[in-house]
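J.: Before I ask anything, here is the structure I am working with.
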Amino acid sequence: MTFGPPAAATGAAAGGTAADGRWVGALSLANLGVWVGWFGPLQLLLARQAEQLTPGHKAATLALVTGLGAAVSMVANPVFGALSDRTTARVGRRVPWVVAGTAGGAAGLVVLSLARGVPAVIAGWCLVQLALNASFAALTAAVPDQVPVRRRGLVGGWLGVSQVVGILVGTALATVAGGTGAGYLACALFSVVAVVPYVLMRRDTALSPAARPAFRWRAFLGGFWIDPRRHPDFGWAWLTRFLMNLSYSISTMYLLYYLTDAVHYADDADTGVLILTALNALTLLCTVVISGVRSDRSGRRKPYVIRSGLLIAAATLLLAVWQTWTGAVVASLVLGIGFGVYTSVDFALLTDVLPTAEDRGRDLGVINIANALPQVLAPVIAAPVVTHLGGYTALYALAGALAVVGSVLVRRIRSVS
């Protein structure tokens, strides 16, 4: 499989040189490693650690840790993306940040494995978020660098596969490693090993020192504000991704507690989370690549994103009204179908509306704030809803409403079919 340059391509979104199947595979494996480093902790380990350290207010501790980490992520991703745009290393603009970010993320996971108090957990998780966002920003920016527009749905599909498999592998490692500390170490080791093939390929776009613009603090900081009046499609794409991810974050962050407190799952709740994650992964894998390919062939993105958002909303509403193990299983299967379509096609849509080719890393980093900010807001929203405003029924109904609004607003993007 070889991705050649498009027949007629202009502008920022058109970019891309050539990327063969081996490169896409290595990129996807490296991306998988990043998601293992994130979701092994997020799915189980941080929740279990909060429960061990502060059993009387585990939800508040989890909200504090994940909220602070997401705040770090929200700043780190665009900053590291912008720095990678300006990097003039001989091996390329993106690879140095992939290496440094993976090493730092593994170090943060080691800190978490040794943590014996909430401050240490906060420090470790913030380091994980800081470092892995450097790697993720560089990997994401490599797609519009290397892949033409007509193949980005396909590549987005494979990145979606790596994302969901990463979540599944992270959850599995956290479950079977034999304890919280061992789970963190297993995720760290996997993240490091997964990035090696991508780094060894040394396939990256280089920037000569002469081509790098002069650095000015005001221009650098001002570049992170992308005026939605000048770039309305970028603004609507950002808002729709934010709403979809806020819905997803609210749905998944409290899944462990949902099984124990609402479903009253009879067996080990960690195993229950792993089963639901695996079922979600199964249906997601059935749709993610196919959806990306079909959107490439049709040239249409928005209908796929709209329908996927409605499916995500349906899954969250099932969790709201059918609080049994059977209901959770059905909801996980439906959520996988919807999120599989959304993951591949929305990524391709986003790369189609980037304002400039020179600042892809920065602009995708700004888009990725829409991934990180919901992690800050989700616990702030979810904790009072669960405790005082209707419990898990109200929480998952809210998540469904957010997904519906995100689906509707996709229609406001004009430059994409």
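The values are calculated or read from the model by the stated rules, or taken from the named source; none is laboratory data. All values reported here derive from a predicted model rather than from experimental measurement. All Cβ positions, even for glycine, are placed from backbone atoms using ideal geometry, and neighbour counts span all protein chains on display. Areas reflect the complete protein model, heavy atoms only, side chains present, ligands, DNA and RNA absent. Shrake-Rupley method; radii C 1.70, N 1.55, O 1.52, S 1.80 Å.
J.: Expressed in nm to one decimal, what extension gain is obtained for the pair A401 and A182 from 0.36 nm per residue of sequence separation less their Cα-Cα distance?
T.: Length difference between fully extended and current span is 75.0 nm.
J.: Give me Rg/Rg_expected for segment 364-417, where Rg uses Cα atoms only and Rg_expected = 2.2 N^0.38 Å with N residues.
T.: Expressed relative to 2.2 N^0.38 Å, the Cα Rg reads 1.42.
J.: Which far-off residues, 5 or more places away or on another chain, put their amide H under 5 Å from the one on D20, with H placed in the peptide plane?
T.: Under 5 Å from the amide H of D20: F3.
J.: Then there is this: Using just the Cα positions, wrap segment 303-365 in a convex hull and report its mean projected area in square nanometres, one decimal place.
T.: Numbers: hull surface 19.9 nm².
Its average projected convex-hull area is 5.0 nm².
J.: Highest GNM mean-square fluctuation, the chain, Cα pairs closer than 10 Å: which of R218, R230, R151?
T.: R218
J.: What list of ³J(HN,Hα) values in whole Hz, one per residue of segment 320-332 in order, does the Karplus curve 6.51 cos²θ - 1.76 cosθ + 1.60 (θ = phi - 60°) give from phi, with Gly and Pro shown as x?
T.: For segment 320-332, the Karplus curve yields 6, 10, 10, 8, 10, 4, 4, x, 5, 5, 4, 4, 5 Hz.
J.: I need the Kirkwood Rh of segment 229-326: take the reciprocal of the average 1/r across all distinct C-alpha pairs and report it in angstrom. Walk me through the numbers on the way to the answer.
T.: Working: mean 1/r = 0.0638 Å⁻¹.
One decimal place: 15.7 Å for the Kirkwood radius.
J.: In whole Hz, with x marking every Gly and Pro, tabulate ³J(HN,Hα) for segment 173-187 from phi via Karplus 6.51 cos²θ - 1.76 cosθ + 1.60, θ = phi - 60°.
T.: 4, 5, 7, 9, 5, x, x, 5, x, 5, x, 4, 5, 5, 5
J.: Using alpha carbons only, what's the Rg to Rh ratio of segment 175-217 with Rh from Kirkwood?
T.: 1.34
J.: Out of G124, M74, G179, whose Cα points farthest toward the positive end of the dipole of the chain (charges: +1 Lys, Arg; -1 Asp, Glu; placed on Cβ)?
T.: Looking along the dipole axis, the top candidate is M74.
J.: I've got another one for you. If you bin every alpha carbon distance in segment 36-97 into 10 Å steps from zero, what whole percent lands in each bin?
T.: Bin by bin from 0 Å, the calculated values are 20, 33, 24, 16, 6, 0.
J.: Continuing with this model, one more query. Please work out the average accessible area per residue across segment 25-140, using the 1.4 Å probe convention, and give it in Å².
T.: Dividing the accessible area of segment 25-140 by its residue count gives 30 Å².
J.: Can you tell me which of G108, G37, G299 moves the most in a GNM of the chain? Springs connect C-alpha atoms under 10 Å apart.
T.: Among G108, G37, G299, the largest mean-square fluctuation in the Gaussian network model of the chain belongs to G299.
J.: Peptides 301-310, 54-63: what's the order by average Cβ count within 10 Å, highest mean first?
T.: Most protected by this proxy first, the peptides run 301-310, 54-63.
J.: For the chain, what does the equivalent ellipsoid look like in terms of its semi-axes, each the square root of 5 times an eigenvalue of the Cα gyration tensor, given largest first in whole Å?
T.: 32, 24, 20
J.: Tell me which of Q323, V345, Y257 sits at the most positive position along the dipole axis of segment 254-412, charges placed on C-beta atoms (Lys, Arg +1; Asp, Glu -1).
T.: Projecting each Cα onto the dipole axis, the largest value belongs to V345.
J.: Over all directions, the average projected area of the alpha-carbon convex hull for segment 316-417 comes to how many nm²?
T.: 7.7 nm²
J.: Still on this structure, please answer the following. Probe radius 1.4 Å, ligands and nucleic acids ignored: give me the carbon and sulfur share of the accessible area of the chain as a rounded percent.
T.: Details: 10580 of 15920 Å².
Carbon and sulfur: 66 percent of the exposed surface of the chain.
J.: Assign unit charges at the C-beta atoms only (+1 for Lys and Arg, -1 for Asp and Glu), then state the dipole size of the chain relative to its Cα centre in Debye, rounded to the nearest 20. Spell out each step's value before the answer.
T.: Details: 30 positive and 17 negative charges, 270 e Å.
Rounded to the nearest 20 debye, it is 1300 debye.
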